Amino acid sequence: MHYSLECLDTGTEISDAALPLTNPTARTPALLRTRYHNRAFSPGSPELGIYRFADWLPIRRRLQGSSAPVTFRSEELGRHLGLSRLFITFSGYWPERGTRMLTGTFKECEAFSVCARMPADHPDTLVVASAGNTARAFIRVCSENGIPLVVVAPERNLPALWAVGPLAGCVRLIAAGGDSDYADAIALSEMIAGLPGFTAEGGARNVARRDGMGTTMLSAVEAIGELPHHYFQAVGSGTGAIAAWEANLRFIDNGNFGRRKTRLHVSQNAPFTPIHDAWQQRSRRFGPIDEHTARSQIAAINARVLANRNPPYGIKGGLYDALVDTDGTTAAITNEAAAEASRLFERLEGIDLEPAAAVAAAHLAEAARVGTVKADDAIVLNVTGGGYNRVHRDAEVAPVPPSLIIERRDFTPAAVAAAMAPFSPVLSPSEKDQPRKNQSAKDSSKGNSTTTVVPA
């Protein structure tokens with residue numbers, strides 16, 4: 001194995017043989033971090049997709065269909081903002097730029113990394129929680145590579161779940177019903193992952209998720225030739241920004257691209273801004289917010305994928321530590337400001353942005369206006385998703401229907417176990433290669449049951 005894991009609390013080196021998410025002997029909650037034996041940065045051919053960065057990915061194999069982020073120097077947007085060294089790292093669908101992420105999101109980077117960390121003979125069904133983008137990415141990667149998957153997403157976010165082409169029978173979507181949000185989807189996914197035959201993907205605790213996201217920074221440094229001064233990204237959990245920070249540290253250890261700590265600039269979609277609010281107080285902990293207020297704020301934002309009530313912020317190695325180490329900043333961006341930035345970006349650069357990426361673009365525009373960044377600084381705008389319009393124009397896209405809808409009042413171990421019984425195991429030998437149509441499905445429930453089984 002070309003890497004090992006280190007616990008950020010104890011410093012203990014841990015083998016990845018059992019795919020650990022945590023160190024059970026840690027004294028305080030802490031992330032694990034990957035330590036790669038090869039400190040050299042030697043990207044492979046672009047034809048390898050994300051696996052061109054395989055030396056710095058915790059993987060056991062390579063899957064089919066990946067695409068890597070691309071970084072280019074912005075001419076039009078940079079000129080408009082008065083920034084001479086603005087670089088855009090784009091993850092999405094933009095064939096002319098050389099990236100073909102068919103789900104339109106950088107979450108494919110984490111999905112291709114997480115699934116490649118798992119051995120081909122992994123016995124359990126992977127369980128992933130998502131607000132939308134991660135779901136699309138894992139659905140695509142697992143369907144195309146025959147990997148058993150249950151993905152859990154809020155019912156109200158289902159319009160964001162679509163796919164190109166038919167889905168394999170090994171993939172199932174479970175919806176957390178009613179007004180459930182991402183935090184509810186996480187809670188439901190944890191109950192499902194606790195059932196026999198299922199295993200949790202782990203979110204930010206999974207080193208493969210973070211290092212897959214970190215390929216955005218690898219792409220940026222390769223293109224710029226040095227570590228950038230500034231890095232802009234919109235965040236819900238903050239996992240992508242943590243990943244960029246960790247990649248920055250690897251480059252410093254490498255020594256060939258300078259020793260600069262890239263300043264992280266992370267933004268959230270107002271009015272739901274728990275990370276921004278905590279950082280403005282320089283607090284490792286979130287202030288009190290009642291559940292009703294949080295749900296109301298989440299319902300008001302356009303970038304629903306940024307709505308995470310329990311992000312890996314205060315954990316050792318989490319976003320708070322990343323912001324402290326890089327003297328980072330945060331911003332609260334309104335729907336209106338994000339929409340304006342989205343229109344500007346599409347007019348100047350020629351591609352549409354997904355809502356979270358528009359939040360980051362608005363943050364960059366504000367930072368340029370008030371002088372947070374200098375005109376000749378090397379700046380990276382991480383466009384975490386885009387090209388939706390192109391995908392829908394170039395490919396056959398259809399909604400992904402849920403196999404099951406579970407209402408929040410049924411989030412109990414017994415009720416979830418009963419509801420999931422028909423889907424365990426998700427993948428039987430006879431189902432493995434049978435495609436399943438991803439078309440709209442009708443509610444087949446009868447009576448007053450709060451668990452709805454939707455026919456596939």
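Values in this text are rule-based calculations from the coordinates and carry no lab data. The shown structure was predicted, so the numbers you read here are calculated from the model rather than taken from an experiment. For neighbour counting, all protein chains shown are included, and Cβ atoms are generated from backbone atoms with ideal geometry for every residue, glycine included.
Around residue 383, with a cut-off of 12 angstrom between Cβ atoms, what is the net charge of the other residues, counting Lys and Arg +1 and Asp and Glu -1? It works out to a net charge of -3. Where does the Debye-calculated log10 I(q)/I(0) of the stretch 92-232 sit at q = 0.09, 0.10, 0.12, 0.15 Å⁻¹, using only Cα point scatterers of equal weight, no solvent? At q = 0.09, 0.10, 0.12, 0.15 Å⁻¹ the computed log10 ratios are -0.29, -0.35, -0.50, -0.76.
Using a cut-off of 9 Å between beta-carbons, work out the net charge of the residues near residue 131 (Lys and Arg +1, Asp and Glu -1, residue 131 not included). It would help to have the intermediate numbers written out before the result.
Details: positive: 304; negative: 181.
Around residue 131, the surrounding residues sum to 0.
Here is the size of the stretch 1-70 from its Cα atoms: Rg then Dmax, 14.3, 44 Å.
As a size descriptor, the averaged projected area of the C-alpha convex hull of the stretch 278-344 was calculated at 5.5 nm². For q values of 0.16, 0.19, 0.25 Å⁻¹, compute log₁₀ I(q)/I(0) with the Debye formula on a Cα-only model of the stretch 100-139, without solvent. Reported log10 I(q)/I(0), two decimals: -0.40, -0.55, -0.85.
Put a dot 7 Å past the Cα of residue 346, heading toward its Cβ, do the same for residue 10, and the two dots end up 5.2 nm apart. Using the Stokes-Einstein relation with a Kirkwood hydrodynamic radius computed over Cα pairs, the translational diffusion coefficient of the stretch 342-392 at 37 °C and a viscosity of 0.692 mPa s comes to 281 µm²/s.
Under a 5 Å amide H cut-off, with hydrogens placed 1.01 Å from N, residue 234 pairs with 267, 360 among residues at least 5 apart or on other chains. Shown here for the stretch 261-344: trypsin sites (Lys or Arg not before Pro) in loop regions (DSSP other than H, G, I, E, B) with at most 13 other Cβ atoms within 10 Å, namely 282, 285. Kirkwood analysis of the chain, using all unique Cα-Cα pairs, places the hydrodynamic radius at 22.0 Å. Stokes-Einstein diffusion for the stretch 209-278, with the hydrodynamic radius set to the Kirkwood value over Cα pairs and evaluated at 37 °C in a medium of 0.692 mPa s, equals 261 µm²/s. Taken along its three principal axes, the alpha carbon spread of the stretch 274-413 comes to 56, 46, 27 Å, from the longest extent down to the shortest. Between residue 190 and residue 254, the simple label model (points 7 Å from Cα in the Cβ direction) yields a spacing of 3.6 nm. For the chain, the longest principal axis of the alpha carbon atoms and the long axis of helix 239-254 meet at an angle near 50°.
Using a cut-off of under 15 Å, list every residue of the stretch 88-125 whose amide N is near the label point 7 Å from the Cα of residue 62 along the Cα-to-beta-carbon line. Hits in the stretch 88-125 for residue 62 at 15 Å: 112-113, 116-117. Between the helical axis of 335-349 and the dominant principal axis of the chain, each derived from Cα atoms, what acute angle in degrees is found, rounded to the nearest 10? The angle comes out at about 70 degrees. Model label sites at residue 75 and residue 280, defined 7 Å from Cα along the beta-carbon direction, differ in position by 4.0 nm. Cα axis of helix 133-145 to longest principal axis of the chain: angle in degrees, 0 to 90, nearest 10? Relative to the chain, helix 133-145 is tipped by roughly 70 degrees.
Along the chain, the exposed loop sites are GluC sites (Glu not before Pro) outside DSSP states H, G, I, E and B with at most 16 other Cβ atoms within 10 Å, and the longest stretch free of them is 227-395. Fully extending the segment from residue 415 to residue 124 would add 102.7 nm, taking 0.36 nm per residue of separation and subtracting the current Cα-Cα distance.
How much net charge surrounds residue 28 when only the other residues with a Cβ under 9 Å from the Cβ of residue 28 are counted, with Lys and Arg +1 and Asp and Glu -1?
Numbers: positive: 27, 316; negative: 9.
Once all neighbours under 9 Å are counted, the net charge is +1.
So what is the diffusion coefficient of the stretch 1-138 in µm² per second by Stokes-Einstein at 20 °C and 1.002 mPa s, using a Kirkwood Rh over Cα pairs? Walk me through the intermediate numbers first.
Details: Rh = 17.2 Å.
Using the Kirkwood radius from Cα pairs, D works out to 124 µm²/s.
In loop segments of the stretch 260-338 as defined by DSSP, the chymotrypsin sites (Phe, Trp or Tyr not before Pro) with at most 16 further C-beta atoms inside 10 Å of their C-beta are 286.
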